[in-house]
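> The structure follows.
The values are calculated or read from the model by the stated rules, or taken from the named source; none is laboratory data. Only a predicted model underlies this, so the values are computations on that prediction, with no experimental measurement involved. Note that each Cβ is placed from the backbone with ideal geometry, even for glycine, and that neighbours are counted across all protein chains shown.
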Amino acid sequence: MSEIIYHGKVVTLRLDTVELGDGRTVRLEIVEHAPSIGVLALKDERTALLVRQYRHSAGESLLEIVAGSLDPDEEPEAAAQRELAEETGFRARELTRLGGFYLCPGYTTEFMHVFLARDLEPATAEADEDEQIELEEIPLTELYRQARVGELRDSKTVAALLLAEFHLRVSVPPC
């Protein structure tokens, strides 16, 4: 049994009553969220374009890959190009699907599709009005170093780097 207890612009909070395998009944709080995309954008083979933005829930500014939610009936590739243009001012001539994952399956339905964007060309798109982002160019070796020592604190960005490692020719010395 499910009960919707909140329906907002971005999420819906659902309270589910579930019977476990041992016969016990529990109540689970589930955050419904649209599928999303993440894009690791490469300016060139040694430099990534990331965004820095303040995340109120974290209480700090985080360095992140380009990301956003899919619009209804939007394909992940189209969403990736849209978000890339909105957040960086570029689109990718080459967009490679790296994989996907649930961001936090303990309480949310959000599934993220992750892409690697190469061969960028200028594009225009209007940014979301609730975002204040700064575009940063980061050498890939520095980005991997930050991930390994815990300085990179956004999970989707760390996961995208792991998924992209096979496609990139990055030599990162041990920390």
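> Look through region 124-175, keep the residues that are under 25 Å from residue 85 (Cβ atoms) and among the polar types (S, T, N, Q), and return whichever of them is surrounded by the most Cβ atoms within 10 Å (Cβ to Cβ).
Step by step, filter region 124-175, then rank; the result is 157.
> Please find, within region 16-52, the residue that is nearest to the chain's Cα centre (by Cα) out of those that are under 30 Å from residue 162 (Cβ atoms) and outside any strand (DSSP E or B). Break it down into steps so the answer makes sense when it comes.
Pass one, region 16-52, residues under 30 Å from residue 162 (Cβ atoms): 28-52.
Subsequent filtering for residues that are outside any strand (DSSP E or B) retains 34-35, 45-46.
On the way: 34: 12, 35: 10, 45: 21, 46: 21 Å.
Per the stated criteria, the residue is 35.
> Could you please tell me which pairs satisfy a Cβ distance under 7 Å, a separation of 6+ or placement on different chains, a first residue in region 73-93 that is of a type in the set (Phe, Trp, Tyr), and a second residue that is surrounded by 22 or more Cβ atoms within 10 Å (Cβ to Cβ)?
Every condition considered, the pairs that remain are 90/41; 90/84.
> On the given criteria, is residue 3 over 27 Å from residue 154 (Cα atoms), part of a strand (DSSP E or B) and not assigned by TED's automatic domain parsing to the domain that holds residue 160?
Values: over 27 Å from residue 154 (Cα atoms): yes; part of a strand (DSSP E or B): yes; not assigned by TED's automatic domain parsing to the domain that holds residue 160: yes.
Against the criterion (over 27 Å from residue 154 (Cα atoms), part of a strand (DSSP E or B) and not assigned by TED's automatic domain parsing to the domain that holds residue 160), residue 3 qualifies.
> What residue, among those in region 57-81 that are of a type outside the set (Gly, Ala, Ser) and under 27 Å from residue 142 (Cα atoms), is surrounded by the most Cβ atoms within 10 Å (Cβ to Cβ)? Show your work before the answer.
Taking region 57-81 first, the residues of a type outside the set (Gly, Ala, Ser) are 60, 62-66, 70-77, 81.
Now restrict to residues that are under 27 Å from residue 142 (Cα atoms): 60, 62-66, 81.
Values: 60: 9, 62: 15, 63: 19, 64: 22, 65: 29, 66: 26, 81: 21.
So the residue we want is 65.
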